[in-house]
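The values are calculated or read from the model by the stated rules, or taken from the named source; none is laboratory data. Quick caveat, the model's predicted, so the values are computed rather than measured. Ideal geometry is used to build each Cβ from the backbone, glycine not excepted, and the neighbour counts take in all protein chains shown. Surface accessibility is based on the protein's heavy atoms, side chains included, excluding ligands, DNA and RNA. Shrake-Rupley method; radii C 1.70, N 1.55, O 1.52, S 1.80 Å.
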Amino acid sequence: MVSAIDAPRQQGPDSLVRVLLPLVAVVATVPPALAGPLTPATSSPELLLAGGAVVLAGVGLAAAGTWRLLGAGARAIPAAGVLGAAVMLGEGIAIGGELAPPGTPGMLYGAAGGALAGAGLVAVLVRWWHRSRRGGPVPGSLRGPLLVAAAMLVVLVVTRESVPAWLVAVGVVALVLGGLPLLLAHVRAGTPRAALAVDPVVAPIAEPGPRAADDPYATVEVDPPGPGPAVPRGPTLRVLHLAGAEPDGAAELHRRLAAAGHEITVLSPRSPDAHDRIEQHGPGMVRWTHPVRRSCTRSGRMLSYLAAAVVAARHTRADVVVEELAASPGPLAVPRWTTRPVVALASWLPDPVPADRSAHLLRLRWWAIRGHRSVVVRSPAAADLLAAARCRPDVAVVGDGIDPAALRTTPRHREDEVVVRVGRLGAGPDIVRPLLHAWARAVPSATGRLVLLGCGAHEADLRACAAQLGLGEHVVFAEERDGEARHAWVASARIAVVPPGAPEKAARAVALEALAVGTPVLGPDTAALREVVPSPVGVLVPATADAPLLADALGALHADRARRTAALTQGPGLARAHDLDVLAGQVADVYLAAVRRGSMATPHLVRR
């Protein structure tokens, strides 16, 4: 079967209707001062204009319907439609001329009725043809042209009392209707059309076997390979990902989906250092694209992205569209713009109550998420929040991925050090200072040193605070390296600390990466950490814990041999569930389910 999104659309009749409807609005709203000299004294200019507009609309719609039938491959049906519409128009003129009182434009009124009847006949033929020919060309939606014509009609009716104002309104509308297609053509020129020849629904799921050069479904390894299970093999998907202002967060996930044979197109706002590129990963690829041209202002880049995202969702050849409900540029409500299957990524859930200045963004996100049928969240707490809000989409929980290097780092000889990854957490001095005060209290009973990794620009302030507390020899400042070296400190430490107040998303990832190398975790008791740090492998303190409470928890965990043993044996298994290979398989299953659900929801648009 062929997915409905690949069915060809008939652009000819739609273009005719887009021109016809504004023209009808102009004819119907000609000011009486202009129409009066051209109408008989016994007739009302308003009625004549209305009748003329109806005749124009009926004849134009009949022509558009005939054009659509010809484009769909019909031969005898268009001829019958044209003949029937012509007969009804002639009969309407004759009946109007006979029944109308003398001195009234009865023939015009009859022509209006006959034109409408002919247009209705052609519309019935078009509907019957598309119902009887499943999988034929998909009729374009008239909702957009009708809304534009209605708005134009309102503007012209308001201004028709003044001839200059009406003429200006007609000029402005003509400029907008003429310039908007040019703008959209410019936007489309910078928007890719992803295309693969493989149908996503019927692509075979082959049995595992030796890899062949011409086998697009062969299992490929991502360099460097991870120890987790491979991404499930299955149909090839074309995914259009409408990312936020920071699309690199899911880069590793995209690369693993491409390695499984999928084609990912990531559309994101253009930033000053962004470059379009194509990454080939096995049989699939990741296309990073930034629409339109560079702009000097952030608002210009966002507006360009919004226009391009709507165009891409409607016109890019994709099997599924992924909308990332990010803070910037905000929700796009993609299901309202396209008939393609759409999956929402609500990675912002669960979030704390925002400040007053950003509360409206949260309301917009909730409004956007209610229009989705399929939503991906990062934690069970987020799924519970959607259920409590009485949202009715299909919710899939796909956790955050962790650095693959953490899963390849082997535990080392345990020292007495306590490690804090300040840079990875994005923790500032206000978050780290309470931990320094707690370490000053715990030093008499806890041996070893406090290691602060990646302090960056805050290192001078934190060094001054440590010196003031007399911790010069008990605190080590070190840079966080790349690859497996970045996890070496954590793998050889006794405790990994996530200080209270650290961002929840980063805190969750840091805790999982510590468990991956078998190190117990001390962190705040938040929903994000409760889901990944069970009691046997770590200690969670209140999120508002002060220095004395932190010092007591540090001392207790420092001496807790049972938790250190449990973290060494159970921690890697807990973290492996967040392996990017596993998560990529889960995401691919969500995408494929959305495609299949969309195909079943519109059986009359699917060729069997």
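For (1) modelled with pLDDT of 90 or more; (2) buried (at least 24 other Cβ atoms within 10 Å of the Cβ), each residue gets a yes or a no:
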{"residue": "511", "(1), (2)": "yes, yes"}
{"residue": "514", "(1), (2)": "yes, yes"}
{"residue": "520", "(1), (2)": "yes, yes"}
{"residue": "523", "(1), (2)": "yes, yes"}
{"residue": "530", "(1), (2)": "no, no"}
{"residue": "539", "(1), (2)": "yes, no"}
{"residue": "549", "(1), (2)": "yes, no"}
{"residue": "555", "(1), (2)": "no, no"}
{"residue": "562", "(1), (2)": "yes, no"}
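Looking only at residues in segment 436-470 that are in contact with a Lys or Arg (Cβ under 9 Å, 6 or more places away or on another chain) and more than 11 Å from residue 418 (Cβ to Cβ), the one that is surrounded by the fewest Cβ atoms within 10 Å (Cβ to Cβ) is 461.
Conditions first: (1) closer than 22 Å to residue 548 by Cα; (2) within 47 Å of the chain's Cα centre (by Cα); (3) hydrophobic (A, V, I, L, M, F, W, C). Residue 467 passes all but one, so which condition is the exception? Unmet condition: (2).
Just one residue in the set 405, 427, 382 is open to solvent by less than 10 Å² (accessible area, probe 1.4 Å), modelled with pLDDT under 85, among the small types (Gly, Ala, Ser) and assigned to a loop (DSSP other than H, G, I, E, B); that residue is 427. What number of residues in segment 410-424 are β-branched (Val, Ile, Thr) and surrounded by fewer than 17 Cβ atoms within 10 Å (Cβ to Cβ)? So the count comes out to 1. Among residues of segment 568-583 that are small (Gly, Ala, Ser), those with a Cβ under 6 angstrom from a residue that is open to solvent by less than 30 Å² (accessible area, probe 1.4 Å), sequence gap 6+ or separate chain, pair up as 571/515; 571/518; 571/537; 575/512; 575/515; 575/516.
Among the residues of segment 362-379, count how many are in a strand (DSSP E or B) and among the aromatic types (Phe, Trp, Tyr).
Initial filter on segment 362-379 (in a strand (DSSP E or B)): 374-377.
With among the aromatic types (Phe, Trp, Tyr) added as a condition, the list becomes none.
The qualifying residues number 0.
Any chance segment 271-285 includes a residue that's open to solvent by 10 Å² or more (accessible area, probe 1.4 Å), modelled with pLDDT of 70 or more and of a type in the set (Gly, Ala, Ser)? Yes, segment 271-285 contains a residue that is open to solvent by 10 Å² or more (accessible area, probe 1.4 Å), modelled with pLDDT of 70 or more and of a type in the set (Gly, Ala, Ser).
Quick check on segment 341-379: of everything there that is closer than 22 Å to residue 239 by Cβ and more than 14 Å from the chain's Cα centre (by Cα), which residue is modelled with the highest pLDDT?
Our first condition is that a residue be closer than 22 Å to residue 239 by Cβ; within segment 341-379, this holds for 341-349, 365, 368-369, 371-378.
Within this subset, residues satisfying the condition of being more than 14 Å from the chain's Cα centre (by Cα) are 349, 378.
Numbers: 349: 70, 378: 80.
Taking the candidates together, the pick is 378.
Residue 110 meets all of the listed conditions (1) touching a Leu at 6+ places or on another chain (Cβ under 9 Å); (2) surrounded by fewer than 19 Cβ atoms within 10 Å (Cβ to Cβ) but one, namely (2). Count of segment 387-397 residues, restricted to those that are farther than 15 Å from residue 342 by Cα, touching a Lys or Arg at 6+ places or on another chain (Cβ under 9 Å) and modelled with pLDDT of 75 or more, is 1.
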